[in-house]
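Visitor: I have a structure here, written as structure tokens, and I will follow up with some questions on it.
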Amino acid sequence: MDEYGNSGEGRATRRDEAVRAAVEQGLLGPDSPIVGLLDVTGIRESAAELRAAFAEVTAPGTPVLHAFAVKATPLVPVLRLLREEGIGAEVASPGELALARAAGLSPAQTVLDSPAKTPAELREALALGIAVNADNPQELDRIDGLVRSAVSRSPLGIRVNPQVGGGSIGATSTATATSKFGVALRDEGAREWVMRAYLDRPWLSRLHAHTGSQGIPLPLMAQGVAETYALAEEINRRIGRPQIDTIDIGGGLPVNFASDVTAPTYAEYARALREAAPGLFDGRYGLVTEFGRSLLAKHGTIVARVEYAKSAGGRAVAVTHAGVQVATRTVYVPGSWPLRITAYDGKGRPKSGPEVVQDVAGPACFAGDLLAEGRALPLLDQGDYAAALDTGAYYFAHHYAYNSLARPGIYGFVPAHAGGVRFATVRDPQTLSSIVAESGGAHAGALTTLHAPGSR
């Protein structure tokens with residue numbers, strides 16, 4: 001049982017029931033061989049756990065915005081569900097902002113972070129009153145011009161990189177010495193530049209840092225937040241008033257991909273932060289968080305039909321419809337992003353029997369397209385189903401169009417009152433006509449009209 005009641009066992013039971021119901025109701029089958037399933041009950045529980053964890057450590061009345069990192073699961077119905085659960089949106093592109101607005105998120109519930117904001121993006125955000133964290137001095141110069149030309153209600157701040165170090169996955173570490181994000185505080189002259197930026201701009205009222213990500217231990221995450229808090233204190237002391245009134249501590253709580261247990265929990269992280277920087281929670285600062293993977297990962301499952309069962313070199317191989325197109329990170333970097341696989345029979349029931357070492361392969365035409373290699377599972381046969389667990393973030397919502405494979409349908413589910421499972425469509429399966437349209441179908445003859453001078 002998780003600290004606030006989000007039971008891993010309960011998640012597994014709901015998942016098993018949903019897979020069976022998806023087969024029974026025709027969402028999964030020979031003509032629809034892959035789907036993404038989202039556990040709505042689990043998502044609601046995680047949102048409640050997040051709110052409760054920080055309410056436990058903050059002074060009464062402290063303004064706290066939990067802004068979901070839209071990049072983790074960029075699906076409008078998910079953002080609408082989270083909005084209903086009191087969670088805002090952290091966006092990093094015009095597309096993500098459009099998704100958040102389509103889900104009904106207000107500017108006050110939205111934060112814009114990106115290392116490459118264009119003048120148009122900044123102009124739109126400031127016109128709407130969306131909070132913006134400037135990534136670097138050149139971006140702050142752009143904001144200066146916009147602030148001078150038009151009044152804005154946007155809370156504005158600077159993102160800093162405390163350079164406390166990386167974790168076990170280099171590609172997702174955001175607080176290394178050479179990270180591309182934010183102002184690198186330990187570089188020569190950088191800390192003084194940040195100090196001067198606030199001294200010269202009374203309208204800068206926030207400070208932002210993001211240390212966490214998969215592979216980052218809690219103590220390192222807490223250290224990054226503590227150093228950001230210490231910088232805010234230093235700036236306010238030097239200015240002589242509490243100009244910085246809100247600290248955005250980012251997100252990045254790691255996810256346990258080894259079992260159904262949630263570890264670490266939001267409560268554990270909140271307590272680690274309170275120990276590392278107790279003044280952060282005494283009510284003098286508002287807080288913003290930007291969790292993504294930890295809110296959604298454990299509540300999503302990719303389920304794919306086994307199209308063929310074969311063997312190669314004495315090893316069993318289950319060829320499924322889930323591979324690089326829905327699990328890109330796992331296929332290309334399996335050591336950093338391993339996934340648990342569960343076997344279901346042709347009726348969607350958990351499969352039992354002796355475990356056999358086998359590969360679970362995807363449909364793409366390259367040898368490395370494997371969800372799992374040398375994995376011990378009940379033997380998958382033709383017509384069975386393989387489920388990739390903990391894929392609610394950065395997986396089926398992030399389609400990679402290798403071989404022009406279609407995006408799968410995504411369905412949210414809840415237990416039905418009279419037994420069974422109720423489904424709702426989150427995203428329709430992609431059609432072949434849509435694939436053609438996205439691949440320039442409307443311009444089929446465009447290149448044949450171009451000829452170099454003298455070529456005819």
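Visitor: Which of the strands (runs of 3 or more DSSP E) found entirely inside the stretch 276-326 contain at least 3 residues meeting this: crowded, with 19+ Cβ neighbours inside 10 Å and of a type outside the set (Val, Ile, Thr)?
Guide: On the way: elements: 286-289, 300-312, 315-320.
Those strands (runs of 3 or more DSSP E) span 300-312.
Visitor: Of all residues in the stretch 147-182, how many are outside any loop (DSSP other than H, G, I, E, B), modelled with pLDDT of 90 or more and buried (at least 19 other Cβ atoms within 10 Å of the Cβ)?
Guide: Total satisfying the criteria: 5.
Visitor: For the stretch 278-297, check the following and say yes or no: at least one residue is aromatic (Phe, Trp, Tyr), more than 21 Å from the chain's Cα centre (by Cα) and more than 30 Å from Asp245 (Cα to Cα).
Guide: No; the residues of the stretch 278-297 include none that is aromatic (Phe, Trp, Tyr), more than 21 Å from the chain's Cα centre (by Cα) and more than 30 Å from Asp245 (Cα to Cα).
Visitor: Between a residue in the stretch 208-221 that is part of a strand (DSSP E or B) and any residue that is at pLDDT 85 or above, which pairs come within a Cβ distance under 6 Å, given they are 6 or more apart or on different chains?
Guide: Every condition considered, the pairs that remain are His208/Asn133; His208/Gly157; His208/Arg159; His208/Asp248.
Visitor: Just to be sure, is Glu17 at pLDDT 95 or above, in a helix (DSSP H, G or I), of a type in the set (Asp, Glu) and in contact with a strand residue (DSSP E or B) (Cβ under 6 Å, 6 or more places away or on another chain)? Step through it out loud before you land on a result.
Guide: Working: at pLDDT 95 or above: yes; in a helix (DSSP H, G or I): yes; of a type in the set (Asp, Glu): yes; in contact with a strand residue (DSSP E or B) (Cβ under 6 Å, 6 or more places away or on another chain): yes.
Answer is yes for this residue.
Visitor: Arg456 versus (1) at pLDDT 95 or above; (2) assigned to a loop (DSSP other than H, G, I, E, B); (3) of a type in the set (D, E, K, R): which is the lone unmet condition?
Guide: Against the list (1) at pLDDT 95 or above; (2) assigned to a loop (DSSP other than H, G, I, E, B); (3) of a type in the set (D, E, K, R), Arg456 comes up short only on (1).
Visitor: In the stretch 342-369, what count of residues is obtained for those that are in a loop (DSSP other than H, G, I, E, B), farther than 25 Å from Tyr402 by Cβ and of a type outside the set (D, E, K, R)?
Guide: 5
Visitor: So Thr110 ticks every box in (1) within 15 Å of the chain's Cα centre (by Cα); (2) farther than 19 Å from Pro254 by Cα but one. Which box is left unticked?
Guide: Condition (1) is where Thr110 drops out.
Visitor: Please find, within the stretch 327-336, the residue that is surrounded by the most Cβ atoms within 10 Å (Cβ to Cβ) out of those that are under 17 Å from the mean Cα position of the chain (by Cα) and under 14 Å from Gly362 (Cβ atoms).
Guide: Ala327
Visitor: Same structure, new question: For Pro378, which of the numbered conditions (1) in contact with a Ser or Thr (Cβ under 8 Å, 6 or more places away or on another chain); (2) under 18 Å from Ile34 (Cα atoms) fails to hold?
Guide: That leaves (2) as the condition not met.
Visitor: If you check every pair at least six apart or on different chains, which have Cβ atoms under 8 Å apart with a residue in the stretch 325-348 that is under 14 Å from Arg15 (Cα atoms) first and a residue that is in a strand (DSSP E or B) and among the basic types (Lys, Arg) second?
Guide: Ile341/Arg375
Visitor: I've got another one for you. Going by the conditions given, is Arg375 more than 30 Å from Ala437 (Cα to Cα), among the basic types (Lys, Arg) and touching a residue at least 60 places away in the same chain (Cβ under 8 Å)?
Guide: no
Visitor: Does Glu45 qualify as being more than 23 Å from Leu280 (Cβ to Cβ), buried (at least 18 other Cβ atoms within 10 Å of the Cβ) and assigned by TED's automatic domain parsing to the domain that holds Thr246?
Guide: Details: more than 23 Å from Leu280 (Cβ to Cβ): yes; buried (at least 18 other Cβ atoms within 10 Å of the Cβ): yes; assigned by TED's automatic domain parsing to the domain that holds Thr246: yes.
Yes; evaluated as a whole, the condition is true for this residue.
Visitor: Out of curiosity, is Ala258 in contact (Cβ under 8 Å) with a residue 40 or more places away in the chain, aliphatic (A, V, I, L, M), assigned to a helix (DSSP H, G or I) and farther than 30 Å from Arg201 by Cβ? Reasoning before the result, please.
Guide: Values: in contact (Cβ under 8 Å) with a residue 40 or more places away in the chain: yes; aliphatic (A, V, I, L, M): yes; assigned to a helix (DSSP H, G or I): no; farther than 30 Å from Arg201 by Cβ: yes.
Here the answer is no, as Ala258 does not meet what is asked.
Visitor: Select, from Ala102, Ala108, Ala116, the only residue that is out of contact with any helix residue (DSSP H, G or I) (no Cβ under 6 Å at 6 or more places or on another chain), under 21 Å from Glu85 (Cβ atoms) and either surrounded by fewer than 18 Cβ atoms within 10 Å (Cβ to Cβ) or without any contact (Cβ under 8 Å) to a residue 12 or more places away in the chain (or both). Full working, then the answer.
Guide: Values: Ala102 fails: out of contact with any helix residue (DSSP H, G or I) (no Cβ under 6 Å at 6 or more places or on another chain); Ala116 fails: under 21 Å from Glu85 (Cβ atoms).
Only one candidate passes the filter, namely Ala108.
The values are calculated or read from the model by the stated rules, or taken from the named source; none is laboratory data. None of the values given here were measured: they were computed from a predicted structure. Ideal geometry is used to build each Cβ from the backbone, glycine not excepted, and the neighbour counts take in all protein chains shown.
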